[in-house]
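Q: Pasting in a structure now, in structure tokens, and then I'll have a few things to ask.
The values are calculated or read from the model by the stated rules, or taken from the named source; none is laboratory data. Predicted model only: the values in this text are computed from it and were never measured. Here the Cβ is made from the backbone with ideal geometry for all residues, glycine too, and neighbour counts use every protein chain on show.
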Amino acid sequence: MKLSKVVFMFAICAAIYWLTGYFSESTRINELKAEANAGDSSSQLVLGEYYMNERNYNEAIVWLSRAADQKNDKAINHLGLLAYLLGGNASSKEEKELALLLEKSLDKYRALRSVLDIYQEDLKKGNLNRLYEIGEMYYFGSGAPKDRAIAKEHFERSSAENSNNAAKSEYRLGEIYLYGYSVSANKQTALKWFEKSCRRPNLQACEEMDSIR
């Protein structure tokens, strides 16, 4: 076989090997994104680490933040490292702004781990008053990601369990249905919750009932 043919065959083999590796990696990334978008924090973490290694920090922050929202400690640590690296070695205005944004995010995640974890631990031990308090955290996005659907679940359970904060929880449920927070607005359902809260009694709920009738 002539040398030129050997070189040609080698080049073909090398190209096939490279393409196989490229498409294999591309397929794996797509699989991870599908899992991450479905809420899997481990996949979100792996994607964040992948983009960190690729020096695509904007994309890394997106995925690490999503994992951190689920209290993934490793993701929170990676965000801290990125904030440190970008803050100390920022070569552009964009990187400096990104570092500042990360620092603010880290404060939220630190609060998320401390306050929310304590409340959830108390709830597991039978402190039903925490249902309303956890619901408030998700309702306003204070110490937890703002998620009215999760807040609603806690308020509903607080009402069903007749906790000491049931009247407050029922008032919030009235608001949720009145304004359509995470649900379709429904005045009749809102009135039902305000009325239930009013009977406990809760004067604020009684006044709200009168104003929307």
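Q: Kindly list, by first and then second residue, each pair from a residue in the range 51-71 that is under 24 Å from Asp147 (Cβ atoms) to a residue that is of a type in the set (Ser, Thr, Tyr) and at pLDDT 85 or above, limited to pairs with Cβ atoms under 7 Å and residues at least 6 apart or on different chains.
A: Listed pairs, sorted by first residue: Glu59/Tyr51; Ala60/Tyr51; Trp63/Tyr51; Ala67/Ser41; Gln70/Ser41.
Q: Looking at (1) at pLDDT below 80; (2) closer than 28 Å to Ala149 by Cβ, find the lone condition where Ile134 falls short.
A: (1)
Q: Looking only at helices (runs of 4 or more DSSP H) that lie completely in the range 107-213, which have at least 1 residues being touching a residue at least 12 places away in the same chain (Cβ under 8 Å) and within 21 Å of the chain's Cα centre (by Cα)?
A: Correct list: 117-124, 129-140, 148-160, 166-179.
Q: While we're looking at this one, here's another question. When the residues of the range 102-114 are filtered to those that are hydrophobic (A, V, I, L, M, F, W, C) and modelled with pLDDT under 75, which remaining residue is surrounded by the most Cβ atoms within 10 Å (Cβ to Cβ)?
A: The initial filter retains those residues of the range 102-114 that are hydrophobic (A, V, I, L, M, F, W, C), namely 102, 106, 111-112.
Filter once more, so that each one left must be modelled with pLDDT under 75: 106, 111-112.
Values: Leu106: 17, Ala111: 14, Leu112: 19.
Among them, the one singled out is Leu112.
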